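What follows is a single structure, written as structure tokens, with notes after it.
The values are calculated or read from the model by the stated rules, or taken from the named source; none is laboratory data. Given the structure is predicted, the values throughout are model-derived calculations rather than measurements. Here Cβ is always computed from backbone atoms with ideal geometry, including for glycine, and neighbour counts include all displayed protein chains. Each accessible area value is taken on the protein alone, full model and side chains, heavy atoms only, with ligands, DNA and RNA left out. Shrake-Rupley method; radii C 1.70, N 1.55, O 1.52, S 1.80 Å.
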Amino acid sequence: MTFIPDRNPRWVQRPSGSNWGDWGPDDQVGRLNLLTPARIKRAVAEVQEGVTFCLSLPLDMPGGNVLNERRHPPQLQATVRNGKPNLNYVMAQDKPLSTDVMSDDSVLLHTQYSTQWDGLAHVGSLFDALGSGRPEPMYYNGYRAGRDVFPGGYSMEDGNRRVSALGIERMASTCVQGRGVMIDLRHHLGDGRTQVGYDTLMRIMEADKIIVEEGDMVCLHTGFADVVTDMAGRPDHDTLHNSCAVLDGRDERLLRWVIDSGLSVIGCDNYAVEGHPAAHKDGCCSDVPLHELCIFKLGIHLGELWHLTPLAQWLRQHGRYRFLLTAPPLMLPGAIGSPVTPVATV
């Protein structure tokens, strides 16, 4: 816990290892501040072939709700025109001389079901930011639940809520473009379930001569998205929960590396990036320690269920690991997370 005098009226002390206040008392985008114009130009310089890769799964994958029982596939339906489904709607029904046939639809979408970003309102923590001895629900940079984050709650009547200080639109406004760095865990570890700690990560980075610099957007290829797509929308619980690499969120040296590396975001093709729930730890602690560090303490957005295999294979075949990455979320005010269609250009 670090004491910050006269820095922010919302708090006087910040969690140990956090960067609260480093970009000002009202910062709402965290380490996306590192995606400066100079670093974006550096990223553009990685484009040599003009070849692009779509890094999104179809948003109805993985199918069902095996990965997370609270998240469900999108539901598409036609809008209504004159009391009829507005799908293949022959406009001559209403205007005899019209030759138009119209279609229009709507979607009920769980924002974190498939390829997605975790916003900074996704994970908070109980923390005594005022030094009063009474921890309260807090989010990145000392924003308080109920006053700054979700101040109005959700309305059961209309499904709307007031804009959050940490809504996903804050992320979208930065455009989320920079230099991607691929760390190919699958190439070294295969498709078995593996907890990846600091030593393993460093060994893989050294073997592939990978260097992560401040502002880099780190992508972790585990192969999990391929396991998902191979199931063709009919996922098996045991297979999903016992496949591919996950980061070990209890490894303190790994967490220290995240802090020291200066990475701006992490995008991964698995579910949750880290092993979830994390291994047992005595005493009060987070069940998702990597999320706690990244989202709550550092303002690092986490991407999950990205489709990285074609890009990872291309990069390895061409002896490269860097690329231009563009990955803005939906400009959806107040949302906690968002679907994303990341694009890599090499």
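Find all pairs meeting these conditions: Cβ atoms under 9 angstrom apart; at least six residues apart or on different chains; first residue within segment 41-60 and within 15 Å of Thr309 (Cβ to Cβ); second residue aliphatic (A, V, I, L, M) and open to solvent by 50 Å² or more (accessible area, probe 1.4 Å).
These pairs meet every condition: Phe53/Val343; Cys54/Val343; Leu55/Val343; Ser56/Val343.
Name the pairs: first residue in segment 133-146 and farther than 14 Å from Ser286 by Cβ, second residue open to solvent by 60 Å² or more (accessible area, probe 1.4 Å) and assigned to a loop (DSSP other than H, G, I, E, B), Cβ to Cβ under 8 Å, at least 6 apart or on different chains?
Final answer for the pair search is Asn141/Asp26.
Would segment 213-221 turn up any residue that is more than 14 Å from Cys244 (Cβ to Cβ), open to solvent by 20 Å² or more (accessible area, probe 1.4 Å) and free of Cβ contacts under 8 Å to residues at least 60 places away in the same chain?
Within segment 213-221, the subset more than 14 Å from Cys244 (Cβ to Cβ) is 213-219.
Right, trim to open to solvent by 20 Å² or more (accessible area, probe 1.4 Å) and you get 213-214.
Narrowing the set further to residues that are free of Cβ contacts under 8 Å to residues at least 60 places away in the same chain leaves 213.
The answer is yes, given that some residue of segment 213-221 is more than 14 Å from Cys244 (Cβ to Cβ), open to solvent by 20 Å² or more (accessible area, probe 1.4 Å) and free of Cβ contacts under 8 Å to residues at least 60 places away in the same chain.
Are any residues in segment 42-59 part of a loop (DSSP other than H, G, I, E, B) and closer than 30 Å to Gly233 by Cβ, and if so, which ones?
Once the filter is applied, which keeps residues that are part of a loop (DSSP other than H, G, I, E, B) and closer than 30 Å to Gly233 by Cβ, segment 42-59 yields Val51, Leu55, Leu57, Pro58, Leu59.
Against the conditions (1) at negative phi; (2) crowded, with 23+ Cβ neighbours inside 10 Å, where does Leu240 fall short? Just the number, please.
All conditions are met except number (2).
Quick one: Gly267 ticks every box in (1) closer than 22 Å to Ala207 by Cβ; (2) within 16 Å of the chain's Cα centre (by Cα); (3) part of a loop (DSSP other than H, G, I, E, B) bar one, so which box is it?
(3)
Say we look at segment 308-337 and pick out the residues that are assigned to a loop (DSSP other than H, G, I, E, B) and hydrophobic (A, V, I, L, M, F, W, C); which of these is nearest to His122 (Cα to Cα)? Write out each step before concluding.
So the first thing to find is which residues in segment 308-337 are assigned to a loop (DSSP other than H, G, I, E, B), and the list is 308, 318-321, 327-336.
Checking the rest, the ones that are also hydrophobic (A, V, I, L, M, F, W, C) come to 308, 327, 330-332, 335-336.
Numbers: Leu308: 23, Ala327: 18, Leu330: 15, Met331: 16, Leu332: 15, Ala335: 9, Ile336: 6 Å.
In this case the residue turns out to be Ile336.
Which condition number does Phe323 fail, the rest of (1) in contact (Cβ under 8 Å) with a residue 40 or more places away in the chain; (2) under 30 Å from Arg147 (Cβ atoms); (3) crowded, with 24+ Cβ neighbours inside 10 Å being met?
Against the list (1) in contact (Cβ under 8 Å) with a residue 40 or more places away in the chain; (2) under 30 Å from Arg147 (Cβ atoms); (3) crowded, with 24+ Cβ neighbours inside 10 Å, Phe323 comes up short only on (2).
Quick check on my filter: what residues within segment 104-140 are open to solvent by less than 30 Å² (accessible area, probe 1.4 Å), farther than 18 Å from Arg71 by Cα and touching a Lys or Arg at 6+ places or on another chain (Cβ under 8 Å)?
Of everything in segment 104-140, those that are open to solvent by less than 30 Å² (accessible area, probe 1.4 Å), farther than 18 Å from Arg71 by Cα and touching a Lys or Arg at 6+ places or on another chain (Cβ under 8 Å) turn out to be Leu120, Asp128, Ala129, Met138, Tyr140.
Residues that are over 12 Å from the mean Cα position of the chain (by Cα) and of a type in the set (S, T, N, Q): does segment 318-330 have at least one?
There is at least one residue in segment 318-330 that is over 12 Å from the mean Cα position of the chain (by Cα) and of a type in the set (S, T, N, Q).
Looking at Arg70, Arg39 in this structure, which one is under 21 Å from the mean Cα position of the chain (by Cα), more than 21 Å from Glu292 (Cβ to Cβ) and basic (Lys, Arg)?
Numbers: Arg70 fails: more than 21 Å from Glu292 (Cβ to Cβ).
After ruling out the rest, the residue left standing is Arg39.
What residue, among those in segment 1-41 that are of a type in the set (A, V, I, L, M), in contact with a strand residue (DSSP E or B) (Cβ under 9 Å, 6 or more places away or on another chain) and not in a strand (DSSP E or B), is modelled with the lowest pLDDT?
Pass one, segment 1-41, residues of a type in the set (A, V, I, L, M): 1, 4, 12, 29, 32, 34-35, 38, 40.
Now narrow it down to the ones that are in contact with a strand residue (DSSP E or B) (Cβ under 9 Å, 6 or more places away or on another chain): 1, 4, 12, 29, 32, 34-35, 40.
After this cut, where a residue has to be not in a strand (DSSP E or B) as well, the list is 1, 29, 32, 34-35, 40.
Details: Met1: 52, Val29: 98, Leu32: 98, Leu34: 98, Leu35: 98, Ile40: 98.
Among those that are of a type in the set (A, V, I, L, M), in contact with a strand residue (DSSP E or B) (Cβ under 9 Å, 6 or more places away or on another chain) and not in a strand (DSSP E or B), it is Met1.
Looking at Ala165, is it of a type in the set (Gly, Ala, Ser) and under 18 Å from His307 (Cα atoms)?
Details: of a type in the set (Gly, Ala, Ser): yes; under 18 Å from His307 (Cα atoms): no.
In short, no.
In segment 222-235, how many residues are open to solvent by 10 Å² or more (accessible area, probe 1.4 Å) and assigned to a loop (DSSP other than H, G, I, E, B)?
Step one: of segment 222-235, the residues open to solvent by 10 Å² or more (accessible area, probe 1.4 Å) are 226-227, 229-235.
Retained after the next criterion (residues that are assigned to a loop (DSSP other than H, G, I, E, B)): 231-235.
Total meeting the criteria: 5.
Asp260 passes all but one of (1) in a helix (DSSP H, G or I); (2) touching a strand residue (DSSP E or B) at 6+ places or on another chain (Cβ under 8 Å); which number fails?
In the conditions (1) in a helix (DSSP H, G or I); (2) touching a strand residue (DSSP E or B) at 6+ places or on another chain (Cβ under 8 Å), Asp260 misses (2) alone.
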